[in-house]
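A.B. asks: A single structure is presented below for examination.
The values are calculated or read from the model by the stated rules, or taken from the named source; none is laboratory data. All of these numbers come straight from a predicted model, not from anything done at the bench. We place every Cβ from the backbone using ideal geometry, glycine too, and count neighbours over all the protein chains shown.
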């Protein structure tokens, strides 16, 4: 989810000195990065199989050797907390939001709008819309 959030707000919370280019080897699904702290987010760029954002230590990576970059991210605590809220919201309403109907019938055609979404105040909107105002604090224009 953090990968989607950072892409959406155009902010990976990384300065130039936090980007480390080089050759990296992922073996046994893990990547040794001694410059990161446990739980710290990092971004892999330039990998054929693993580009994305992960929390260290990531243990579900695809084994490969690649030349690319590791971005040590400094995600604010407030955004980490909001990401947990977004994840919970997505788990609860995500499936219903992906379609406009909770149920349909074709024997005379009827449909029912999802009450769960309307009760949540989402009005059928995706997480990006529901949490837009709270994400704006960290948004970058480009």
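For (1) assigned to a strand (DSSP E or B); (2) touching a strand residue (DSSP E or B) at 6+ places or on another chain (Cβ under 8 Å), each residue gets a yes or a no:
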site	(1), (2)
8	no, no
20	yes, yes
24	yes, yes
34	no, no
61	no, yes
67	yes, yes
70	yes, yes
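A.B. asks: Out of 55, 83, 72, 96, report the one residue that is closer than 20 Å to residue 128 by Cβ and modelled with pLDDT of 95 or more.
C.D. replies: Every option except 83 fails the conditions.
A.B. asks: Got at least one residue in segment 43-52 being touching a helix residue (DSSP H, G or I) at 6+ places or on another chain (Cβ under 6 Å) and either touching a residue at least 60 places away in the same chain (Cβ under 8 Å) or assigned to a loop (DSSP other than H, G, I, E, B) (or both)?
C.D. replies: Within segment 43-52, none of the residues are touching a helix residue (DSSP H, G or I) at 6+ places or on another chain (Cβ under 6 Å) and either touching a residue at least 60 places away in the same chain (Cβ under 8 Å) or assigned to a loop (DSSP other than H, G, I, E, B) (or both).
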